[in-house]
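Okay, structure first, notes after.
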Amino acid sequence: MNWNTRVTRLLGIQYPIIQGGLAYLAYSGLAAAVSNAGGLGQITAMSLENPEALREEIHKVRKLTDKPFGVNFAIGQQRRPFSVFLDVALEEKVPVVTMTGGNPAPIINQLKGTPVKKLVLVAAKRQAQKAEELGADAVMVVGQEGGGHLGKNDTGTMVLIPSVADAVDIPVIASGGIGDGRGLMAALSLGAEGIEMGTRFIATRECVHASDLYKNSLIMGTESDTVVIKKSLGSPGRAIANEWTRKILELEKTNGDYESLKDFISGEANKRYIYEGKAEEGFAWAGQVMGLIQDVPSVSKLMETIISEAEAIRSKWQVSKDM
């Protein structure tokens, strides 16, 4: 099957599959594995302690792969200046920068005049149009099924992708609820030219920072075992349902301001779950696609399976067409 789309051409990759930014999890080993398997792996910049730590991760990726990779900037809730991290990405000639969770204008402006490809995560048609106006090379469009931070509207991927594809001229990359070859083919049918997966890449061998408890929770859970937290703060995100998220939701009903929630939604609470496996002391982001996850393969095996599934679907379509 010919996987040549505007996304593969834009990013210089074999398959139109992008690994999500994955706060505290997307480091060199996972990024290189995804890129080596034909997709686009990413490093998460703002989870690192300082700009030099980002430089080190970039160097590590380049020792592990000669394929394109990206650096993700989660800018929505950061209280640190991202520009110094972006300076490092530019100095190291990173080929792709992705932006999630905030206003992408400052980053896009800093990247103007450079060969860096600029991808922006959006959750609404108007956001996609604005990203195109600002100069984004492509938009990653996440529906409400996705894990982590989402849009404020309860619009699912099946409706959101074609809506955005009809509204912009730049390539659309589908995200949210995608974890196998069926999801890839569905996204292409909806007008996307690639997919982004976050939750599915957590349940891989190369995502070494994710605890066994986290990965097992993804395998054992169903699509009903997630909840959306932080709605009261205007920054909703989907996480695995547990006692900790129940406390968050209770606080949001009674006194959902930042001061009352900050200890429960902090990065430290997130890391206690994802790094240490302390489910009773923290939370973990996950999308509804966890209901489709049944194993923890290597990244290369996962990519091989996704492509095989997609090509089998394409063959069935071709048979039906020829009948």
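Across the range 279-303, the number of residues qualifying as touching a residue at least 60 places away in the same chain (Cβ under 8 Å), buried (at least 18 other Cβ atoms within 10 Å of the Cβ), of a type in the set (G, A, S) and assigned to a loop (DSSP other than H, G, I, E, B) comes to 3.
Would you be able to say whether some residue in the range 221-242 is in contact with a helix residue (DSSP H, G or I) (Cβ under 9 Å, 6 or more places away or on another chain), farther than 26 Å from A123 by Cα and at pLDDT 95 or above? No: the range 221-242 contains no residue that is in contact with a helix residue (DSSP H, G or I) (Cβ under 9 Å, 6 or more places away or on another chain), farther than 26 Å from A123 by Cα and at pLDDT 95 or above. Restricting attention to the range 255-278, the residues that are part of a helix (DSSP H, G or I), touching a residue at least 24 places away in the same chain (Cβ under 8 Å) and over 16 Å from Y24 (Cα atoms) total 2. Among the residues of this structure, S175 counts as one that is hydroxyl-bearing (S, T, Y) and closer than 20 Å to T5 by Cβ.
This table checks each residue for (1) of a type in the set (G, A, S); (2) assigned to a loop (DSSP other than H, G, I, E, B); (3) touching a residue at least 40 places away in the same chain (Cβ under 8 Å).
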{"residue": "C207", "(1), (2), (3)": "no, yes, yes"}
{"residue": "A210", "(1), (2), (3)": "yes, yes, yes"}
{"residue": "T222", "(1), (2), (3)": "no, yes, yes"}
{"residue": "S235", "(1), (2), (3)": "yes, yes, yes"}
{"residue": "L249", "(1), (2), (3)": "no, no, no"}
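Within the range 177-191, is there a residue that is of a type in the set (D, E, K, R) and within 21 Å of I17 (Cα to Cα)? Within the range 177-191, one or more residues are of a type in the set (D, E, K, R) and within 21 Å of I17 (Cα to Cα). Taken together, the residues in the range 123-143 that are of a type outside the set (G, A, S) and either on the phi > 0 side of the Ramachandran plot or in contact with a Lys or Arg (Cβ under 8 Å, 6 or more places away or on another chain) (or both) amount to 1. Consider the range 112-127 and keep the residues that are small (G, A, S) and over 12 Å from T100 (Cα atoms). The one that is farthest from the chain's Cα centre (by Cα) is G113.
The values are calculated or read from the model by the stated rules, or taken from the named source; none is laboratory data. Only a predicted model underlies this, so the values are computations on that prediction, with no experimental measurement involved. Note that each Cβ is placed from the backbone with ideal geometry, even for glycine, and that neighbours are counted across all protein chains shown.
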